Amino acid sequence: MLSHRLSRRAEAREWPTYLEQRATETQSPLLQRFFAAGCPAPDTPIGEAPLVALDLETTGLDVQRHAIVSIGAVPFTLARIPLARRRHWIVRPTRPLSGQSITLHRITHTEVEAAPDLAEILPELLKTLAGRLVVVHYRHIERPFLDAAIRARLGEGARFPMIDTMSLEARRHRLSPWARLRRWMRRPPVSIRLPDSRRRYGLPDYHGHHALVDALATAELLQAQIAHHYRLSMPVHELWS
Amino acid sequence: MDTEILEIRQHMGRFPPFDVLDDALLDEVAGRVEVSYFQAGTDILRLDQELHELCYIRSGAVEIRRRTGELYNRLGEGDIFGQFSLLRNNRVRFPAIALEDTLLYFIPEDVFLRLCEADEHFADFVELERPRLEAAVEEHRKANDMIITRVRKLLTRYPVMLEASTTVQQAARQISEAQATAALILDASDGDPRHTFIDSEKRAWRLRGILTDSDFRTRIVAEGLPPDTPVGELIGKRPITIQSDESVHEAMLCMLRNNIHHLPVLYRRRPVGVLHLSDIIRYETHSSLYLVSNIFSQSSVEGLARLAPDVRAAFVRMVEEGANSQMVGSALSTVGRSFVRRLLELAEEALGPPPVGYCFMVNGSMARNEQTVVTDQDNALILSDDFEPTRHDAYFAELAQRVCDGLDACGYAYCKGEVMATNPRWRQPLSVWKRYFDEWIETPTPERLLHSSIFFDLDSAYGEEAYVEQLQDQIARKAPQNPRFLAAMARNALNRKPPLGVFRTFVMEKDGKHNNSINIKRRGTAPMVDLIRIHALACGSSAQNSFERLDDIDRTQLLAPGAGDKLRYAMELLSMVRIRHQVYDIQHEHTPDNNIEPENVADSERHHLKDAFQVLSHAQKFLKYRYPIPPHSSRER
């Protein structure tokens with residue numbers, strides 16, 4: 001356990017080096033600009049870090065078989081989430097859209113057919129994320145899907161540090177001694193899904209599965225998590241992964 | 001519309017003042033919101049901090065405090081705060097603390113100012129108390145001008161409809177059979193969609209005209225037409241019609257303008273009835289005016305008692321037609337006085353003429369012309385100074401008994417405090433009453449103060465009006481000169497305080513306690529009446545009605561400019577909430593009372609109610625400062 005934490009921390013500190021290296025090596029001017037903007041220094045207090053909440057809606061969970069349908073992003077800080085700066089894109093998926101995901105994401109076939117390919121909105125998307133620390137709920141969707149989608153268009157992927165509000169919930173509810181005790185007693189684990197996590201902090205129920213609404217919901221959740229469990233002076237490298 | 005901010009605009013659109021904004025403005029607001037989370041117990045706004053945003057509570061609860069740290073208000077989902085700072089110097093005057101985990105939407109100042117400019121309702125709402133209350137009262141009046149009774153309410157049966165080929169004889173027969181006084185004449189549709197309607201058998205018709213009783217005389221018999229003349233030959237141009245959703249008032253004007261007695265009523269193009277002038281007259285007779293004349297035609301207590309349901313019906317109708325509290329109050333007080341008068345007339349018929357002159361005095365809400373349907377009786381007898389108890393009191397005791405029993409039978413319950421003419425103490429000659437009043441004003445005691453608050457609303461219902469007028473003058477003359485009396489009355493008026501706020505499901509008390517209902521009379525209208533009475537006594541007004549008293553008060557310097565209007569609007573709002581609640585009870589076959597549950601109050605009304613309570617609360621505090629206990633009086637006690 002201890003060694004796991006240490007390694008995680010060491011890894012966490014390596015993000016700026018990784019981004020710097022990619023900035024020098026990349027062949028794409030678009031990615032060069034993005035990586036050169038970097039991320040907040042590892043010791044930046046979370047309360048001062050420029051953040052951006054990000055959510056992808058996809059046709060499914062498998063990065064090999066499924067594709068991105070829409071992207072929502074809101075730049076924010078722990079003090080404020082200004083909706084005026086919100087961004088939302090619908091993109092044409094490279095793989096066919098199933099009827100189920102249509103109803104789930106509240107996007108219609110016509111909207112999707114009229115939508116641009118991700119390549120067209122990529123400059124704007126990267127500009128929105130550049131220099132900010134990305135906040136997601138469950139990074140194992142956003143990270144691989146974005147990486148694969150960018151790789152498919154530019155020939156190389158893009159990975160960057162993320163604060164995962166789901167892992168912050170897991171730290172409290174899955175990894176704590178109390179959670180292990182619950183597991184030992186065969187109690188069902190506490191749900192760390194976005195709506196259930198929000199409810200624990202008294203945040204209102206939103207209609208999920210809209211990329212922008214979920215991004216906003218994630219931003220609010222991080223504000224609540226930090227208010228309840230951390231200090232504003234907490235260095236960002238303790239939170240990102 | 002932006003679906004992405006739907007979540008936010010839908011929420012805001014449910015709460016005043018955003019609920020009146022048009023969609024485009026609401027979109028703009030929602031799109032400019034900034035969101036922030038506050039853990040329970042943390043500061044949201046600190047005293048004197050600079051503020052350039054309006055705060056909207058998306059979820060959670062917020063406590064607003066005074067400069068001194070004292071609890072000022074508690075707000076919940078959908079409430080706003082910070083508007084006073086934005087409208088003044090952008091400094092926080094009332095610090096705010098998150099009471100629960102709270103999610104706030106901040107609306108930037110430029111958006112806020114644009115809303116104030118673009119939308120009158122919004123501006124009214126965010127400005128302090130008076131304009132908001134004023135707006136509420138006026139809004140209600142405006143809305144009701146439109147919700148007046150619709151024509152369709154007066155229709156009781158379908159019209160007689162005949163084809164144009166029908167002979168006049170057949171027509172006369174059918175009209176008689178239907179006990180109608182007119183028939184509508186139809187023809188197959190000429191294809192013009194403006195006049196075509198389809199009947200239940202899918203045939204297309206058009207309305208060609210109307211044939212009335214008087215047509216048979218003037219156009220058939222007088223002209224010597226044979227009975228087999230087709231009705232189609234008699235009618236000229238298309239008749240004047242009215243749509244079923246027009247007001248009764250409009251129908252009446254239409255008949256007068258065109259000098260007609262029959263008016264076909266259409267739903268779109270389909271005839272649904274024929275309105276006759278007498279229908280309107282019959283409808284009008286259900287008014288309180290008719291009720292009063294009915295009271296005077298009754299010859300027994302039993303007959304009078306049978307009219308009690310009519311009183312409630314007239315009350316409900318007035319409110320539904322948009323009467324304000326003064327109209328309702330004065331109509332019901334008139335009805336009440338009519339009962340008193342008729343009961344006295346009946347008693348005098350039975351007992352013979354009174355041995356000496358008397359005046360039957362009414363007190364409380366009837367004297368103030370502020371009666372509702374939930375009321376008990378407060379009355380007394382002022383007798384001529386020729387009165388000799390041993391010779392005359394048996395007559396007046398019997399007279400009083402009959403009236404008070406009769407009133408009870410008619411729905412005006414006996415007074416629990418025995419403030420009735422049956423009580424010998426309140427059946428006295430004028431000189432004794434004058435002495436009472438002098439004592440009450442000059443040396444107030446708790447009991448005397450209670451009497452003052454009942455008897456200093458006084459009016460004559462029957463008999464020698466001059467007696468009551470002399471007493472009214474006496475009060476108006478003496479009260480302003482007795483600061484100690486006014487101070488004592490002022491302190492007495494503070495016994496009943498309004499609640500701090502009204503929330504979705506509970507009433508918040510000053511001590512933070514929650515209740516799930518509130519007695520709107522005891523906590524609202526009655527303390528307001530008490531308060532207005534004291535100012536009226538101080539300025540020597542002899543008016544009895546609270547609004548008339550406020551008019552008199554306004555002519556003096558007793559209150560700060562504008563304060564009278566605040567009280568007027570708060571009084572109207574509290575009274576109407578009470579009245580509407582009683583109407584609701586009657587319509588749902590509950591016994592009407594004064595207890596309102598916040599759940600049954602509309603969102604916007606709840607906000608206004610809270611404002612009205614705040615006006616009352618501030619006015620009560622002012623009362624203490626306005627009428628201080630004079631220095632020498634403490635020595636006397």
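Read-outs throughout are calculated quantities, based only on the coordinates presented, and are distinct from any laboratory measurement. All of these numbers come straight from a predicted model, not from anything done at the bench. Positions of Cβ are generated from backbone atoms using ideal geometry, with glycine treated the same way; all protein chains shown enter the neighbour counts.
When each of the peptides B:428-436, B:522-530 is scored by the mean number of other C-beta atoms lying within 10 Å of its residues, the order from highest to lowest reads B:522-530, B:428-436. How many nm separate the modelled label positions at residue B:238 and residue A:36, each set 7 Å beyond the Cα in the direction of the Cβ? Going by the 7 Å Cα→Cβ label model, 7.6 nm. Taking a ≥ b ≥ c as the square roots of the eigenvalues of the Cα gyration tensor, the protein assembly as shown is oblate, since a/c reaches 1.5 or more and a/b is not larger than b/c. What the Cβ-Cβ distance of residue B:100 and residue B:560 gives, at R0 = 51 Å and to the nearest 0.05, is a FRET efficiency of 0.85.
Near residue B:574, once Lys and Arg are set to +1 and Asp and Glu to -1 for all other residues with Cβ below 12 Å from its Cβ, the sum equals +3. Whole-Hz Karplus values for region B:6-21 come out as 3, 3, 7, 5, 5, 5, 5, x, 8, 10, x, x, 6, 5, 9, 5 Hz, taken residue by residue from phi with 6.51 cos²θ - 1.76 cosθ + 1.60 and θ = phi - 60°; glycine and proline positions read x. The trypsin sites (Lys or Arg not before Pro) found in region B:69-114 that occupy coil by DSSP, while having at most 16 further C-beta atoms within 10 Å, are B:88. For the peptides B:363-369, B:585-591, A:144-150, the ranking by mean Cβ contacts within 10 Å, running from highest to lowest, is B:363-369, A:144-150, B:585-591.
Neighbours of residue B:168, meaning other residues whose beta-carbon lies under 14 angstrom from its beta-carbon, give a summed charge of -3 when Lys and Arg score +1 and Asp and Glu score -1.
What the Cβ-Cβ distance of residue B:438 and residue B:591 gives, at R0 = 30 Å and to the nearest 0.05, is a FRET efficiency of 0.15. Please label the shape of chain B as rounded, prolate or oblate, based on the square roots a ≥ b ≥ c of the eigenvalues of the alpha-carbon gyration tensor (a/c under 1.5 means rounded; beyond that, a/b larger than b/c means prolate, else oblate). Oblate is the answer for chain B, as a/c is 1.5 or above yet b/c matches or exceeds a/b.
With a/c under 1.5 counting as rounded, go ahead and sort region B:153-283 into rounded, prolate or oblate using the C-alpha gyration tensor (a ≥ b ≥ c being the square roots of the eigenvalues; past the cut-off, prolate if a/b is larger than b/c, else oblate). Judged from the Cα gyration tensor, region B:153-283 comes out oblate (a/c at least 1.5, b/c at or above a/b). Here the label points at residue B:515 and residue B:152, each 7 Å from Cα along the C-beta direction, are separated by 4.2 nm in the simple model. Between residue B:345 and residue B:450, the simple label model (points 7 Å from Cα in the Cβ direction) yields a spacing of 3.7 nm. If the chain linking residue B:169 and residue B:198 were pulled fully straight, counting 0.36 nm for each residue of separation and taking away their Cα-Cα distance, it would gain 7.8 nm. For the segment A:225-237, counting C-beta atoms of other chains within 10 Å of every residue's C-beta and taking the mean gives 1. Of the DSSP H helices in chain B, those that are both long (alpha-carbon extent of 27 Å or more along the helix axis) and hydrophobic (Kyte-Doolittle mean at least -1.0) are B:325-351, B:389-409, B:563-587.
Net charge dipole, region A:40-238: roughly 900 debye, given to the nearest 20, about the Cα centre with Cβ charges of +1 for Lys and Arg and -1 for Asp and Glu. Here the Karplus relation 6.51 cos²θ - 1.76 cosθ + 1.60, evaluated at θ = phi - 60°, turns the backbone of region B:217-232 into coupling constants of 6, 6, 10, 10, 5, 4, 8, x, 6, x, x, 9, 4, x, 4, x Hz, with x for every Gly and Pro. Inter-chain neighbour count for B:27-40: the average number of beta-carbon atoms from partner chains within 10 Å of each residue's beta-carbon is 5. For peptide B:95-105, the mean count of partner chain Cβ atoms within 10 Å of a residue's Cβ comes to 2. In this structure the amide hydrogen of residue B:275, modeled in the peptide plane, comes within under 5 Å of the amide hydrogens of B:263, B:265, none closer than 5 places in sequence on its chain. Restriction of the chymotrypsin sites (Phe, Trp or Tyr not before Pro) in region B:356-422 to DSSP coil positions whose beta-carbon has at most 15 other beta-carbons within 10 angstrom yields B:414. When the Cα positions of B:31, A:68, B:558 are compared along the charge dipole of the protein assembly as shown, A:68 comes out farthest toward the positive end, with charges on each C-beta of Lys, Arg, Asp and Glu. Centre-to-centre separation between the Cα atoms of region B:177-220 and those of region B:339-359: 59 Å.
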